[in-house]
Every structure is written in C-alpha cells, then in structure tokens.
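Chemist: Once you've had a glance at the structure underneath, I'll fire off some questions.
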Amino acid sequence: MVFVLVLVASLSSAQDTVTVRNADGGLVQRTGLVVDVNAERVILKVSEREQKIPFSQVVQIRTSLDGLAEAGDQLLVDRKYELAFAAYGKGLEESTPLWMRRRLLAGRVKSAVQMQAWAQAADDFLALVASDPHTQYFGVIPLAWTSSPVDAAIAKKIPTWLVSSNTIEQLIAASHGLADANRDAALKVLANLSKSEEPRISSLAQAQRWRVAVKFDSATLAQWSAQVDAMPEDLRAGPHFVLGNAWGHVDPEQSVLQLMRVPVLFSDRFDLAARALLQASDHLLELDRTAEARIVLQEIVNQHAATSEAELATERLKRLSNTSTNQRP
C-alpha cells in the first residue's frame with residue numbers, strides 16, 4: 001500500500017507518452033497527460049488543451065501510472081494468479097483515474113478466470129463495462145468455452161442473469177448455463193443474442209451455440225472459420241477452441257491446426273491453451289503422428305505444470321514410452 005502511494009506521488013508530475021501511427025505508416029510520439037482511454041479514442045491533455053486520438057491509430061501508451069498494473073501483469077505471466085489478483089486490487093484502492101481502474105479491473109478478471117473464480121471474474125467484468133461500454137478490454141469477458149462442471153458461485157447467478165435486461169449478464173450466464181440444468185434456457189438466450197446489433201455480443205453468442213451443435217460438415221465448419229477470422233482478434237481464443245473441437249469430428253488434421261492457434265496466438269489464456277494442446281495431441285495420435293504428439297504433450301508438462309492437463313499429459317507420455325519399449329525387438 002505504501003509503495004502505491006509513493007509511486008503515485010512521485011510520478012504524478014511525469015508526462016505520459018502516446019505512440020501514434022500516421023497515415024503514411026510512420027510513428028510519432030505525443031506527450032502530455034492521458035485523461036481517458038477506451039476502444040474508440042485516447043484523450044491526451046497537452047498544454048491545457050485536450051486532443052482526441054483514434055484508438056485504432058495508437059500503437060503504445062506509456063503513463064506515469066503504469067506501475068500500478070505492471071506488478072500484477074508480471075505475476076500473471078508467472079502464473080501466480082492469487083498474487084496477481086491481489087496486486088491489481090491494491091491499485092484499485094487508490095484514487096486512480098477511471099481509465100487506469102479499468103485496466104486494473106481487466107487484470108483482475110484475467111486472474112480470476114485462471115483461478116476458476118468465475119463469479120468474481122464476472123462481477124469485475126460487469127463493473128468494467130459499466131464504467132466504459134466501449135472498453136478495449138472486452139476480450140477478457142469471462143465466458144465458459146469448455147464442458148467443465150459449472151462453478152457453484154456462478155451457478156447461483158445463472159437463473160437471474162438469463163432473464164436480465166443486461167445482454168452481457170445474459171451472455172455470461174448462458175455460456176456457463178450450457179453445462180448445467182439451465183441448458184435449454186441458455187440456448188434460447190444465445191439464439192436471441194446472436195441477432196444482437198452489437199457485433200461483439202452477436203459473434204460470441206454464435207460461437208457459444210457451436211459448442212452444442214450436433215450436425216455439421218466441412219462446409220459448415222469452413223463458414224464458422226470465416227466468422228471467427230472476421231471477429232476482433234481479442235475475441236477469437238474461445239471460438240478457435242470450439243472450432244477445433246468441432247473439426248475433430250470431421251477432419252483431425254484441421255482440428256489440430258485450429259486447436260494449435262490457441263496456445264500460439266493466445267498464450268495468455270493458459271486455461272484454454274493447456275486444454276487445446278491436450279486435445280491436439282489426441283488428434284495427432286489418431287493421425288499416427290506420435291513424435292509430434294510427444295512434443296505437444298511435453299509442452300503441456302513444461303508450460304502448464306500444476307494443471308490437470310499436465311497430469312494427463314504426463315500419464316500419456318509414460319504410456320507412449322512403455323508402448324515404445326514393448327515394441328522394441
């Protein structure tokens with residue numbers, strides 16, 4: 001706490017820097033005081049005048065308050081989720097600008113998801129979006145993408161949120177409700193949300209419906225793939241995972257390609273990355289590509305230790321080793 005107070009006091013007069021890409025592709029740095037940030041624009045105060053910079057042109061933002069979030073960022077990279085959650089929370093206790101509070105909330109959501117604290121993640125995400133409906137952190141929305149049992153705390157919220165007037169509450173609840181007794185109601189909600197005029201809501205709702213599809217062919221999956229590619233990049237991790245699972249019923253080769261996109265392109269989604277790697281290894285074995293399967297399984301053990309996927313990967317590596325030994329002349 002003392003560190004945070006000293007940090008804010010000592011850096012309050014420092015200038016912030018926004019790196020902007022010009023129309024010709026060149027980079028220009030603008031300095032001043034960052035007043036607000038969202039997915040549409042950055043407001044930079046320069047000599048008592050405010051400049052609005054389109055967020056699409058912003059390459060990097062460096063501010064005097066970055067230290068409030070960077071401790072949590074590093075702990076998250078180090079897979080110390082509980083400590084990361086606490087570090088972000090310390091920053092929230094201070095009188096920080098709204099844009100920094102949103103960044104800290106986004107960090108808490110990511111940490112809570114990795115802790116499987118889905119209800120906490122949902123509450124923080126809803127606070128984030130209430131503060132900024134156009135948030136650039138929408139990609140951290142805590143949706144369920146696997147068939148894991150529903151967390152007890154989020155399960156209590158599902159019935160109420162499914163009938164909420166808040167479409168984000170509906171989407172979160174429906175994603176988790178697909179795996180419990182609320183499945184039928186969740187499917188109806190997702191069908192309605194897939195028609196939403198908000199592209200982020202409709203595209204994620206459509207991808208959630210793919211989780212329970214039972215009839216599809218390669219042409220349908222190719223269409224789904226095009227839909228995923230059209231989504232904002234930060235929304236694609238879960239849809240890629242679902243698409244990879246679906247391809248497993250049609251073409252194992254395509255399944256491996258889709259599943260491997262998750263750990264390669266979205267390495268910060270540790271939960272989905274580990275599961276995607278494990279399922280990709282199954283399909284590689286199905287294709288008799290044992291050497292590649294070993295590499296993938298070892299990657300799970302090395303990069304996702306202390307997970308159930310790592311335990312399964314270790315068992316499968318032992319089984320493969322035993323099989324190889326028994327087959328030797």
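Each reported figure results from applying straightforward, stated rules to the coordinates on display, with no laboratory input. A quick note: this is a predicted structure, and the numbers were derived from the prediction, not measured. FYI the Cβ positions are ideal-geometry reconstructions off the backbone, even for glycines, and counts take in every protein chain you see.
Chemist: If the elastic network links every pair of Cα atoms under 10 Å, which of 37, 58, 296 fluctuates the most in the Gaussian network model of the chain?
Modeler: Greatest mean-square fluctuation among the candidates belongs to 58.
Chemist: In whole angstrom, and with the biggest value first, how far do the Cα coordinates of region 189-329 range along each principal axis?
Modeler: 63, 31, 22
Chemist: Could you work out the per residue convex hull volume over the alpha carbons of region 70-204, in cubic angstrom?
Modeler: Details: hull volume 14.5 nm³, N = 135.
Enclosed volume per residue, from the Cα hull, is 108 Å³.
Chemist: Right, here's the next one. Using only the alpha carbons of region 85-159, what is the convex hull's orientation-averaged projected area in square nanometres?
Modeler: 5.3
Chemist: Report, as a whole number in µm² per second, the diffusion coefficient that Stokes-Einstein gives for region 21-64 at 4 °C and 1.567 mPa s using the Kirkwood radius over alpha carbon pairs. Before the final figure, lay out the partial values.
Modeler: On the way: Rh = 10.9 Å.
Here the translational diffusion coefficient equals 119 µm²/s.
Chemist: When only Cα pairs under 8 Å and 6 or more residues apart are kept, what is the percent relative contact order across the chain?
Modeler: Worked out over the chain, it gives 8 percent.
Chemist: May I ask which residue of 74, 54, 84 lies farthest towards the positive end of the charge dipole of region 27-86, with charges of +1 (Lys, Arg) and -1 (Asp, Glu) on Cβ and the Cα centre as origin?
Modeler: 54
Chemist: Compute the long axis of helix 167-177 from its Cα atoms, compare it with the longest principal axis of the Cα atoms of the chain, and write down the angle in degrees, 0 to 90, nearest 10.
Modeler: Once rounded, the angle reads 30 degrees.
Chemist: Within the chain, what is the number of lysine pairs with alpha carbons under 28 Å apart, leaving out pairs fewer than eight places apart on the same chain?
Modeler: For the chain, qualifying lysine pairs total 18.
Chemist: Which value at 222 nm does the chain reach when only helices count, each DSSP H run of 4 or more adding -39,500 (n - 2.57), with the total divided by all residues and rounded to the nearest 500 deg cm²/dmol?
Modeler: Calculated from helices alone, the mean residue ellipticity at 222 nm is -19000 deg cm²/dmol.
Chemist: For region 277-320, take the convex hull of the Cα atoms, compute a quarter of its surface area, and give me that in nm², please.
Modeler: If I average the Cα hull's projected area over directions, I get 2.5 nm².
Chemist: For the chain, what is the convex hull volume of its Cα atoms per residue in Å³?
Modeler: Hull volume normalised by residue count: 173 Å³.
Chemist: Go through region 49-131 and name the trypsin sites (Lys or Arg not before Pro) that are in a DSSP coil and have 16 or fewer other Cβ atoms within 10 Å of their Cβ. Let's see the in-between values first.
Modeler: Numbers: sites: 49, 52, 62, 79, 80, 90, 101, 102, 103, 108, 110; in loops: 79, 80.
Passing both the DSSP loop test and the Cβ count: 79, 80.
Chemist: Also: Once the convex hull of the alpha carbons of region 163-227 is built, what does its volume come to per residue, in cubic angstrom? All intermediate terms of the calculation are to be shown ahead of the outcome.
Modeler: On the way: hull volume 5.3 nm³, N = 65.
Measuring per residue, one finds 82 Å³ for the Cα hull of region 163-227.
Chemist: According to a simple spin-label model (label point 7 Å from Cα along Cα-to-Cβ), what is the distance in nm between residue 233 and residue 30?
Modeler: Calculated label separation equals 2.2 nm.
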